[in-house]
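So the structure is just underneath, and the comments pick up after that.
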Amino acid sequence: MNLPIYLDNNATTPMDPRVLEAMLPYFTNKFGNAASRSHAFGWEAEDAVDTAREQIAKLINADPKEIIFTSGATESDNLAIKGIFEMYASKGNHIITAVTEHKAVLDACKHIEHLGGQVTYLPVKNDGLIDLEQLENAITPQTILVAIMYGNNEVGVVQPIKEISQIAHKHGVLFFTDATQAVGKIPVDVIADGIDLLAFTGHKIYGPKGVGVLYVRRKNPRVKVTAQMDGGGHERGMRSGTLNVPGIVGLGKACEICMNEMAAEAERLSQMRNRLENALLQLEEAYVNGNREHRLPHTTNISFKYVEGEGLMMGFNKNIAVSSGSACTSASLEPSYVLKALGLGDDLAHSSIRFGLGRFTTDDQIDFAIEAVTQSVNKLREMSPLWEMYKDGIDLDSIEWAHH
Amino acid sequence: MAYSEKVIDHYNNPKNVGTLDKSQTNVGTGLVGAPECGDVMRLQIQVDEITGTITDAKFKTFGCGSAIASSSLATEWLKGKTVDQALTIDNMDIVEELNLPPVKIHCSVLAEDAIKAAINDYRVKNGLPQLETVAVH
Ligand SMILES: Cc1ncc(COP(=O)(O)O)c(C=O)c1O
């Protein structure tokens, strides 16, 4: 087996070789600018972009004209939130989102607050799902947008998107979803799900980095966002800049592959994920974080109580790549805000590991991971004073810890 | 962030993991840090009451690789020193020895705190006054 094994597919995915192959000509021979209307180089590039738009639209059941190309999900999130805030300023200034959103959404909302807008950050229940009643109660006459992610990047929890959009629409409010972790992994249908705006990115679906999409509904209702960059008026005036043709071709191909293979892949990955999860839950005091039913098929997030996540990963990160909610792995030195929002104490958040399986994950790799993680947890518990206290029946909450 | 060779070595082959009988009067125990902060160190020393020499030292640590390495190194350094000599161990010595990057300096501070806490516990048990306590970090 080739080491290290990559089980961090929620962070990014390797490119599918078929995607790379589709892209290559557009770096060299087919280098035209898709906006050049006067010659064959431009037409060739435009055709390629059109094909990609169709492949992408098909995956989410949109119209190709509704696909706006961006540099990735971060830009799409920003464009959706800031663009709606500006475009619908005469209607209201209130946005509703949730505390477990990606930073791209949360920080765009912070920006809105600085501009004088109002933002409601809905809490989540212990399983990571939002409370629909709370959502509805948060809507005011000033509300212009509900922004709730499809699938969460850390725990994989999938929100009840259809119900959320129904509530938003009942009150005449637009619905935006960051579907970065869901598109290409589970069925996402902008019509059936009632989505007005949707963001995702190439590099989570075996496509290239630096290219993403904002879907903007054109009918029932017709939605518009104010451009956040001034320039040549590309993408129906919503996102200027010469199109990244090779990236877009790659994203299109990636979507086409997902369209064809997603159902079988989800089945295969959920079986492997469940096997991994069930094996690791054989360890004492191991807990799955987030709702296990409403969940992306390839993700599991597990806390191994009484061991610290970064220390744990060090035991196997030469051979297995995963990520942790431990503070030590983040620049902020704070444990994961997502896990804390699920009501986990800091100690359990520090003890969490996220496993993200992907298209190229094999059964052998899962076997290896089960073995390596189990060994590492056992080894670190032998070294953990907290584990010893737990085993001696000491209540850790009864101890006065010196906080620093 | 890549770990230094020495941190990896202590992590893979930690020295002196274990537990001493804390009810013994010649054993001092220091427990520092907090689970919510992601680091807890327990460091114990066993002292020869006649010579004042540390004859054994053990640790258990909940924390990252650098925290484990810092406490492992601390136990190594403690053995054979007198209690007074042990007080001179400075966290920056640990930083230097393990090549800890700036974000991991707190691990060495915690190890120094654990040493002082263990010595204080030993002193109190043996009727000696507590030392100027460890600065709170
Ligand atoms: C839910 C979610 N939104 C947004 C992003 C940002 O995507 P990008 O790296 O394409 O900007 C990510 C990935 O990091 C994500 O998981």
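For every other residue with a beta carbon closer than 9 angstrom to the beta carbon of B:C64, add +1 if it is Lys or Arg and -1 if Asp or Glu, then tell me the sum.
On the way: positive: B:K104; negative: A:E308, A:E310, B:D39.
With Lys, Arg at +1 and Asp, Glu at -1, the net is -2.
What nm distance separates the two modelled labels at A:D127 and A:E285, each placed 7 Å from Cα along Cα→Cβ?
About 2.7 nm separates the two model spin labels.
Provide the convex hull volume over Cα atoms per residue for the range B:48-122, in Å³.
With only Cα atoms used, the range B:48-122 gives 75 Å³ per residue.
For A:I5, what residues show an amide H to amide H distance below 5 Å, using hydrogens built from the backbone and excluding near sequence neighbours?
Counting only residues 5 or more places away or on other chains, the set is A:I320, A:A321.
Restricting to chain A, what percent of DSSP beta bridges are antiparallel, rounded to 5?
55
Are there DSSP H segments in chain A that both extend 27 Å or more along their axis (alpha-carbon positions) and score a mean Kyte-Doolittle hydropathy of at least -1.0? List them, or say none. Don't skip to the end; give the middle numbers.
Numbers: long enough: A:40-60 (30 Å, -0.12); A:245-280 (44 Å, -0.01); A:363-382 (29 Å, -0.52).
Helices meeting the span and hydropathy rule in chain A are A:40-60, A:245-280, A:363-382.
What lysines sit close enough to B:K104 to cross-link, taking a C-alpha to C-alpha distance under 27 Å and skipping anything fewer than 8 places away on the same chain?
A:K103, A:K305, A:K318, A:K340, A:K379, B:K6, B:K15, B:K58, B:K60, B:K79, B:K81, B:K116
Take A:T28, project a point 7 Å from its Cα along the Cβ direction, then tell me which residues of the range A:234-252 have their backbone nitrogen under 16 Å from it.
Counting only backbone N, you get A:246.
Applying 1/(1 + (r/R0)^6) with R0 = 30 Å to the Cβ-Cβ distance of A:T362 and A:E382, what FRET efficiency is obtained, to the nearest 0.05? All intermediate terms of the calculation are to be shown ahead of the outcome.
Working: r = 30 Å, r/R0 = 1.01.
Computed FRET efficiency for A:T362 and A:E382: 0.50.
Going through the DSSP H helices of chain B, which span 15 Å or more along their own axis at the Cα atoms while scoring at least 0.0 as a mean Kyte-Doolittle hydropathy?
Details: long enough: B:65-78 (20 Å, 0.63); B:105-125 (30 Å, 0.18).
Helices meeting the criterion: B:65-78, B:105-125.
Search the structure for amide H atoms under 5 Å from the amide H of B:D39, placed 1.01 Å from N in the peptide plane, and list their residues when 5 or more places away or on another chain.
Residues meeting the amide H criterion: B:A34.
Can you tell which of A:G356, A:G393, A:G128 shows the greatest fluctuation in a Gaussian network model of chain A with Cα springs below 10 Å?
A:G393
If you roll a 1.4 Å probe over the heavy atoms of the protein chains, what accessible area per residue do you get for the range A:47-101, in Å²? Write out the running numbers ahead of the final one.
On the way: 1860 Å² over 55 residues.
Here the per-residue accessible area is 34 Å².
Please find the FRET efficiency linking B:T51 to A:Q271, where r is the Cβ-Cβ separation and R0 is fixed at 45 Å, and quote it to the nearest 0.05. Can you show the working numbers first?
Working: r = 63 Å, r/R0 = 1.41.
With a Förster radius of 45 Å, E is 0.10.
List the lysines whose alpha-carbon lies under 30 Å from that of A:K30, not counting same-chain residues fewer than 8 positions away?
Result set, ordered by chain and number: A:K58, A:K65, A:K204, A:K209, A:K253.
Which of A:E267, A:E277, A:E388 moves most in a GNM of chain A, Cα contacts under 10 Å?
Its mean-square fluctuation being the largest, the pick is A:E388.
Which one, A:M259, A:M15, A:M229, has the greatest fluctuation when you compute a Gaussian network model over chain A with C-alpha springs under 10 angstrom?
A:M229
So how far apart, in nm, are the two label points at A:D189 and A:Q166 if each is 7 Å from Cα heading toward Cβ?
1.5
What's the local net charge at A:L357, with K and R +1, D and E -1, over the other residues with C-beta under 14 Å away?
Values: positive: A:K185, A:K204, A:R268, A:R273, A:R275, A:R295, A:R354, A:R359; negative: A:D8, A:E265, A:E267, A:E277, A:D363, A:D364, A:D367.
Spelling it out: positives minus negatives among the neighbours equals +1.
Above 27 Å lies some portion of the pair distances; for chain A, what is it as a whole percent of all C-alpha pairs? Numbers along the way, then the final one.
Values: 42731 of 81406 pairs.
Value for chain A (Cα pairs over 27 Å): 52 percent.
Report the label-to-label distance for A:E136 and A:A264 in nanometres (one decimal), using points 7 Å from each Cα along the Cα→Cβ vector.
Simple spin-label model gives 4.3 nm for this pair.
The values are calculated or read from the model by the stated rules, or taken from the named source; none is laboratory data. Only a predicted model underlies this, so the values are computations on that prediction, with no experimental measurement involved. No Cβ is skipped: glycine too gets one built from the backbone with ideal geometry, and neighbour counts run over all protein chains shown. For the accessible areas, the whole protein counts, side chains as well, though only heavy atoms, and no ligand, DNA or RNA atoms are used. Shrake-Rupley method; radii C 1.70, N 1.55, O 1.52, S 1.80 Å.
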